[in-house]
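Here the structure comes first, spelled out in structure tokens, and everything after it is commentary.
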């Protein structure tokens, strides 16, 4: 099965339907062996700005679903019939959508991929913690050009990503994927 080529990663596997693509891939090609690394796990706003959790665990299996079920249960998201009380830790679930996260931040995100949404959400959270966004500091972000847009904006818009380049005249263009916080 192996790993996807670099040129295929963004176009074929970088979308909000990644979970379904993995199911389709595993239906067609079953791996001989699975290793899931949970030596240091990530909770909260992973994968960009997670809170690390030292777990010291590796899961080995010939069955992808079984390995995933065990790691999920250990992380506090138990599939039916699995109990892992001895090693279980409660994890914060990441919230990837930046839409509605802060009342003074408007995000227009029609069809943006989950990784881009998550990175923008993490960046907004980092800006909030640093005081760059607050109750008196409104911000507007556009990520993905297919988002329905109002006819006018109150301030300059931060237009993020190659898929949102067309309306770049609305404000500041950040080409490529959203920047990582920090």
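Read the figures in this text as sums done on the coordinates, not as results from a lab. Here the structure is a predicted model, which means the values were calculated and not measured. Note that we place each Cβ from the backbone using ideal geometry, even for glycine, and neighbour counts take in every protein chain shown.
If I stretch the segment between residue 169 and residue 104 completely, what's the gain in nm (0.36 nm per residue apart, minus their alpha carbon distance), one decimal?
Stretched fully, the residue 169-residue 104 segment lengthens by 21.2 nm.
Could you rank the peptides 59-71, 148-160 by their average count of other C-beta atoms within 10 Å per residue, with the highest value first?
Ranking the peptides 59-71, 148-160 by packing returns 59-71, 148-160.
When the chain is fully extended, how far beyond the present Cα-Cα distance does residue 53 get from residue 130, taking 0.36 nm per residue of separation?
Gain on stretching residue 53 to residue 130: 25.3 nm.
What order, most packed first, do the peptides 115-128, 91-104 have when packing is the mean number of other Cβ atoms within 10 Å of each residue?
115-128, 91-104
FRET efficiency for residue 37 and residue 114, Cβ-Cβ distance as r, R0 = 22 Å, nearest 0.05?
My answer for the efficiency is 0.60.
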